[in-house]
Every structure is written in C-alpha cells, then in structure tokens.
1. Going residue by residue through the stretch 43-64, is there one that turns out to be touching a His at 6+ places or on another chain (Cβ under 8 Å) and more than 26 Å from VAL195 (Cβ to Cβ)?
2. Check HIS174 against each of (1) more than 22 Å from SER38 (Cβ to Cβ); (2) within 13 Å of the ligand (Cβ to nearest atom); (3) in contact with a helix residue (DSSP H, G or I) (Cβ under 6 Å, 6 or more places away or on another chain) and name the one condition it does not meet.
3. Any residue that is over 14 Å from ILE194 (Cα atoms), out of contact with any Asp or Glu (no Cβ under 6 Å at 6 or more places or on another chain), β-branched (Val, Ile, Thr) and open to solvent by 40 Å² or more (accessible area, probe 1.4 Å) - is there at least one of those in the stretch 151-166?
4. Restricting to the stretch 180-205, name every residue that is within 11 Å of the ligand (Cβ to nearest atom), among the hydrophobic types (A, V, I, L, M, F, W, C) and open to solvent by 40 Å² or more (accessible area, probe 1.4 Å).
5. With at pLDDT below 95, on the phi < 0 side of the Ramachandran plot and touching a Leu at 6+ places or on another chain (Cβ under 7 Å) as the only criterion, which of VAL127, VAL112 stands out?
6. Give, as residue ranges, the strands (runs of 3 or more DSSP E) completely inside the stretch 10-96 that count at least 2 residues that are open to solvent by 40 Å² or more (accessible area, probe 1.4 Å), at pLDDT 95 or above and over 18 Å from PHE157 (Cβ atoms).
7. Right, PHE157: under 21 Å from ALA44 (Cα atoms) and touching a residue at least 60 places away in the same chain (Cβ under 8 Å) or not?
8. Would a scan of the stretch 17-37 turn up a residue that is small (Gly, Ala, Ser) and within 26 Å of GLY151 (Cα to Cα)?
Amino acid sequence: MPNVQIMDHPLIQHKINYIRSEDVGSKEFREIVSEIASLMCYEASRDLKLTDVKIKTPICEMTGKKLSGKKMAVVPILRAGLGMVDGILKMIPAAKVGHIGLYRDPKTFQPVEYYCKLPADCSEREVFVVDPMLATGGSSAAAIQLLKDKGVKHIRFLCIIAAPEGVELMKAEHPDVALYIGALDDHLNEHKYIVPGLGDAGDRIFGTK
Ligand code: URA
C-alpha cells in the first residue's frame, strides 16, 4: 500500500491504546488526541522540502535549512477533526486552518455538506485533512473531493483509527492522496462504528455523551 502509511511509532501506538479505554474521560481524551495529532504530523511531514539558507549565529555564519515548499493548511472535518487541529498547529504554527462540515445521514449513511470555509489561497497550499476516525470513508472522500473541486492539488489525510472499508474507499476514490493512519482496526459494525475503535470520537472529545 504505497500511499497508505500505518504509524508504527511506539508513542503513537501507546497513546492510541490508552484512549481506546472507555474509562478515559473527555479532558484526558482531548489532550491525548492532540498529542497523537502532533506525533502523526511529525511523521507525515517527513518528506517536506528543505532549502539552504544563510544565517549568522552568535558564533559564525553558516548555511542552514528551512522549509521551502508550499505553505500549509490544516482542514479538520467537523466536528471530531477539531480535536486534532491544536496538535498539528503545535508542529506547524504558520499553517492556516480551514473547516469542512459534513454529517452522516443516519438512514443512508451518506455524507451531507453543511459548512465549508477555507483559506483564500488554499489551492496553493499543502493541505492536511484531519479526522480521528476513518470509518466508511464517505465523509473523508467527500471532503477531499470538495477540496479538489476548489483546485487543491496536494492533500494528505491523517486519521487516528481507520477501518479497512474506509481505507479501500479512499484508495479507490483518491489514490493520489497519502493516507496516514494511527491504527488499522478490524471492521465496521452494523451502526458503522469502527470495531474495536474507541466509540464516537466527537462525543468523547467534547463530552457530549
Ligand atoms: N466515527 C466515530 O467517531 N467513531 C466510529 O467508530 C466511526 C465513526
């Protein structure tokens, strides 16, 4: 799976394992989701381009490195994706933030767009789309299509837990988009929740259950 990367870093694995437990409350859940997002961002940004730059330290002149490629944006899929934004911004503070709101129709399970606000120059940016849970893949694929329709060409998708069904859909609909996955779970249940998963990520982040 060339465009699909399962993050095997021990810290990521440990933290994901920790938040799966139903005993973890919202405050802790939120904090650890943010930490996982930072770690995943670190891994997912390994191939960003660098350029030489001359600087002067207090000791001498030197040629250092700085990021040279496109400007970046992080686009959470509302609402659970919001939980990953701070963690990404800790690593890339200059990134702009867009928002895409999609809900899953409870009967058809199809994504319905209700909000989209992106940085004006989003099409020139390297965009990190974030959603903690890649379940059916419907919302994620729709969000990425929306970005492509607005001219965005460089898209990475980061999720904490994925189901095989969602990965297959993303690979089929967006083979050009790199997928970064914290843990690949077993399957979806009849309510389209990931098994074993961690429950409803939005409810757990915002304490709405
Ligand atoms: N969304 C969630 O928050 N959890 C799931 O298991 C599936 C979709």
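The values are calculated or read from the model by the stated rules, or taken from the named source; none is laboratory data. This is a predicted model, so every value here is computed, not measured. As a convention, Cβ positions derive from the backbone with ideal geometry for all residues, glycine included, and neighbour counts pool all protein chains shown. Just the protein is used for accessible areas: all its heavy atoms, side chains included, with ligands, DNA and RNA removed. Shrake-Rupley method; radii C 1.70, N 1.55, O 1.52, S 1.80 Å.
1. No, the stretch 43-64 has no match at all.
2. Result: HIS174 passes all but (2).
3. No, the stretch 151-166 has no match at all.
4. Within the stretch 180-205, VAL195 is the sole residue that qualifies.
5. VAL112
6. Passing ranges, in order: 50-56, 61-67.
7. No: the conditions fail for PHE157.
8. Taking every residue of the stretch 17-37 in turn, at least one turns out to be small (Gly, Ala, Ser) and within 26 Å of GLY151 (Cα to Cα).
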